[in-house]
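Have a look at the structure below, then the notes.
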Amino acid sequence: MMSFSEQLVVTSEAEGSEESPSSSAVFSTVPHPSMKTLKSWNEVPLSFPSEAEESQFWSEHQIDGRLMEGAMAGGGQMESTTITIRFDPRMLARLKRLARSRYLNYQSMMKQWVAERLEKELRD
């Protein structure tokens, strides 16, 4: 299995030239020894002052393969735990109406709100 810590270079089977991925392409790997490998998501800044600085950061850094595989394969996903929260019926109706207007499930919207607020609280 190919590690994500190496850059994928797509080469054509027939010509050996670089091209966009397709079903007839063969994948080979080329390591980037000059790039710093990030082994934790905490090493990635939450925001960048400008797109140019973000571009500069990613031109000098790469994500460790195990970290990327875990993110892409859903590795380490936590189980969901069912909880009960009691709401006033009118508040619940308003939540459902708001979620429906955004084409969301109201429970998913609430989980998103809690996750966003938790991240904000942990940053402050």
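The values are calculated or read from the model by the stated rules, or taken from the named source; none is laboratory data. What you see is a predicted model, and the numbers here were worked out from it, not measured in a lab. Backbone-built Cβ (ideal geometry, glycine too); neighbour counts: all protein chains shown.
Data for the structure
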quantity	calculated
Residue that is nearest to Glu119 (Cα to Cα), among those in the range 34-57 that are touching a residue at least 24 places away in the same chain (Cβ under 8 Å) and surrounded by 10 or more Cβ atoms within 10 Å (Cβ to Cβ)	Trp41
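Quick grid of which residues meet (1) outside any helix (DSSP H, G or I); (2) at pLDDT 90 or above; (3) within 22 Å of the chain's Cα centre (by Cα):
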| site | (1), (2), (3) |
| --- | --- |
| Leu8 | yes, no, yes |
| Ala14 | yes, no, no |
| Ser34 | yes, no, no |
| Thr37 | yes, no, yes |
| Ser47 | yes, no, yes |
| Glu69 | no, no, yes |
| Glu79 | yes, no, yes |
| Thr84 | yes, yes, no |
| Leu92 | no, yes, no |
